[in-house]
């Protein structure tokens, strides 16, 4: 990993120096600085204090009027300290690459290489096609780790497009994955997106080899199983926005009691009501199932989600999210106020949730920050 990062950063540094000598080159440095505090009103009272710095170097080099090379390289430097009452519990920190990619593009197609974000699909709250990222709808900054690989896209004149990708070196689970990929086995897939009346539909597929040892340490190393995925999604604007999104994953037969089939489904709609400055409402139904047969037996979770957004003023926005899980009859509730200046954004997030249920996988500081009742205060500066 260290050698790979040194090679990647050295390549980009040389690339910057060469491009900086051209008049058509634009290189900029920007970034994001975030600080937060969380109070969990449980017994005992829990506190987390944390901060994050994401410095970013961007470059753009115009080769011809229709072709260019651009790049992004950034770091995710973050840390947090956890307390129970006034007693210090733990501290953690990370210093890792966030994005390191270079792209060649024309007016019809592009190829991007390196550590990048790859995401697609129609859903907003719950995303069956969250194959390669871990974005949490509750995170106002929408940060997510990237994946190492190559992505190519071709755009047709009728707004249809084709994606092809190959990934390698990503052994940690991504999105809803329970098992990490075999690190040096290539992961390949693609996506075709086509117009469909007043909207669009898309078919996605992916193939990878999983290493059972990443999940079950008692399994021999390099215990590899084939995993195949297919996804279908679509969205339309019919006065109200309508969409669906689905994903089916099939794993090889195995002796480790790992479910062979995982399927997830989403139906959603949104509409903006003419109330005041405009009240936006989003509704989604989400079902995820895992077992040895498609749809039936095994285990499943159903979630009904809603989100409301309202611009109180030019500076202030308020949003609220409510999720209901039938069966255990659980309710999860969030409310978020934000105020935005030129470079600063202030957030106050309140939540009231079960203490032992985690709705979504989160990449924020290795613990469930939205358990129980609490409040999060955050300040973010973009430069």
message: I'd like the full set of residues that are free of Cβ contacts under 8 Å to residues at least 60 places away in the same chain, buried (at least 19 other Cβ atoms within 10 Å of the Cβ) and within 18 Å of residue 230 (Cβ to Cβ), limited to region 120-168.
response: 130, 132, 165, 167
message: Name the single residue that is surrounded by the fewest Cβ atoms within 10 Å (Cβ to Cβ) among those in region 178-236 being in contact with a strand residue (DSSP E or B) (Cβ under 6 Å, 6 or more places away or on another chain) and not in a strand (DSSP E or B).
response: 198
field: Positions within region 237-259 being over 26 Å from residue 270 (Cα atoms), out of contact with any helix residue (DSSP H, G or I) (no Cβ under 9 Å at 6 or more places or on another chain) and in a loop (DSSP other than H, G, I, E, B), in sequence order
entry: 252, 253, 255, 257, 259
message: Take residue 370 and tell me if it is at pLDDT 95 or above and either in a strand (DSSP E or B) or out of contact with any helix residue (DSSP H, G or I) (no Cβ under 9 Å at 6 or more places or on another chain) (or both).
response: no
- prompt: Is region 275-284 home to any residue that is surrounded by 14 or more Cβ atoms within 10 Å (Cβ to Cβ), at pLDDT below 95 and assigned to a loop (DSSP other than H, G, I, E, B)?
  reply: no
statement: Selection from region 28-48 of residues farther than 18 Å from residue 140 by Cβ and modelled with pLDDT of 95 or more yields 28, 29, 30
field: Any hit, region 346-366, residues being on the phi > 0 side of the Ramachandran plot, surrounded by 15 or more Cβ atoms within 10 Å (Cβ to Cβ) and at pLDDT below 95
entry: yes
- prompt: Within the set of pairs 6 or more residues apart or between chains, which connect a residue that is touching a residue at least 40 places away in the same chain (Cβ under 8 Å) and on the phi > 0 side of the Ramachandran plot inside region 73-100 to a residue that is buried (at least 19 other Cβ atoms within 10 Å of the Cβ) and in a strand (DSSP E or B) with Cβ atoms less than 7 Å apart?
  reply: none
- prompt: Taking residue 267, is it out of contact with any strand residue (DSSP E or B) (no Cβ under 6 Å at 6 or more places or on another chain), touching a residue at least 12 places away in the same chain (Cβ under 8 Å) and surrounded by 13 or more Cβ atoms within 10 Å (Cβ to Cβ)?
  reply: no
- prompt: Which residue out of 172, 159 is part of a loop (DSSP other than H, G, I, E, B), at positive phi and modelled with pLDDT under 95?
  reply: 159
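The values are calculated or read from the model by the stated rules, or taken from the named source; none is laboratory data. These numbers come from a predicted model, not from an experiment. Cβ: placed from backbone, ideal geometry, glycine included. Neighbour counts: every protein chain shown.
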